[in-house]
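We did not get these values from a lab; they are worked out from the coordinates using the rules stated. No experiment lies behind these values; they were computed from the predicted model shown. Note that we place each Cβ from the backbone using ideal geometry, even for glycine, and neighbour counts take in every protein chain shown.
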Amino acid sequence: MIVVFDAQCLLCNGWVQFLLRHDKRRVLRFASIQGAQGQAFLTRVGLKVEGLQTLLLVDGVRTWQHTAAILRVLHALGSPWRLAWMAWLIPAPLRDALYRLVARHRYQWFGRSETCLMPPADYAQRFLN
């Protein structure tokens with residue numbers, strides 16, 4: 001599974017750091033939207049970097065966005081994170097509306113870095129760019 005994320009977004013970087021700490025089975029890999037691999041994944045599903053307001057999860061030929069991507073990633077982490085799967089009971093339009101609100105204001109609320117996340121050396125092989 002490949003998580004395509006905004007490496008300049010501090011909220012997104014925090015999310016990736018969380019995933020690196022909790023992905024004990026090392027099933028997740030990462031690609032930033034600023035890199036060639038991340039942009040190729042976005043192009044494949046018809047998304048553009050400019051104004052992007054979603055996390056993209058790629059698993060083979062299948063892709064997910066918004067809260068569906070988050071819930072699938074948390075499920076992949078195993079217990080206790082699989083309990084988040086219960087959020088599927090909330091209708092997707094409601095979940096995704098909240099997601100888009102946070103995504104739209106992520107730089108304003110959480111900050112933005114002018115440089116992309118540099119993964120720690122022991123995790124570097126999990127980043128595609």
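Structural remarks
- Every residue from segment 105-129 that is assigned to a loop (DSSP other than H, G, I, E, B), surrounded by 15 or more Cβ atoms within 10 Å (Cβ to Cβ) and out of contact with any helix residue (DSSP H, G or I) (no Cβ under 6 Å at 6 or more places or on another chain): 116, 119
- No other residue among 115, 63 is β-branched (Val, Ile, Thr) and more than 17 Å from the chain's Cα centre (by Cα) apart from 115.
- Test: residue in segment 6-24 that is under 11 Å from the mean Cα position of the chain (by Cα), surrounded by fewer than 22 Cβ atoms within 10 Å (Cβ to Cβ), among the small types (Gly, Ala, Ser) and in a helix (DSSP H, G or I): yes
- Number of residues in segment 37-51 that are part of a loop (DSSP other than H, G, I, E, B), surrounded by fewer than 18 Cβ atoms within 10 Å (Cβ to Cβ) and on the phi < 0 side of the Ramachandran plot: the value is 4.
Each row is one residue, and each column tells you yes or no for (1) among the β-branched types (Val, Ile, Thr); (2) touching a residue at least 40 places away in the same chain (Cβ under 8 Å); (3) closer than 19 Å to residue 6 by Cβ; (4) in contact with a His (Cβ under 6 Å, 6 or more places away or on another chain).
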site: 56; (1), (2), (3), (4): no, yes, yes, no
site: 67; (1), (2), (3), (4): yes, no, yes, no
site: 70; (1), (2), (3), (4): yes, no, yes, no
site: 75; (1), (2), (3), (4): no, no, no, no
site: 80; (1), (2), (3), (4): no, no, no, no
site: 89; (1), (2), (3), (4): no, no, no, no
site: 109; (1), (2), (3), (4): no, yes, yes, no
site: 118; (1), (2), (3), (4): no, no, yes, no
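- Residue match in segment 59-67 (condition: among the aromatic types (Phe, Trp, Tyr) and in a strand (DSSP E or B)): yes
- Against the conditions (1) within 19 Å of residue 129 (Cα to Cα); (2) touching a Cys at 6+ places or on another chain (Cβ under 8 Å); (3) surrounded by fewer than 16 Cβ atoms within 10 Å (Cβ to Cβ), residue 32 satisfies every one except (3).
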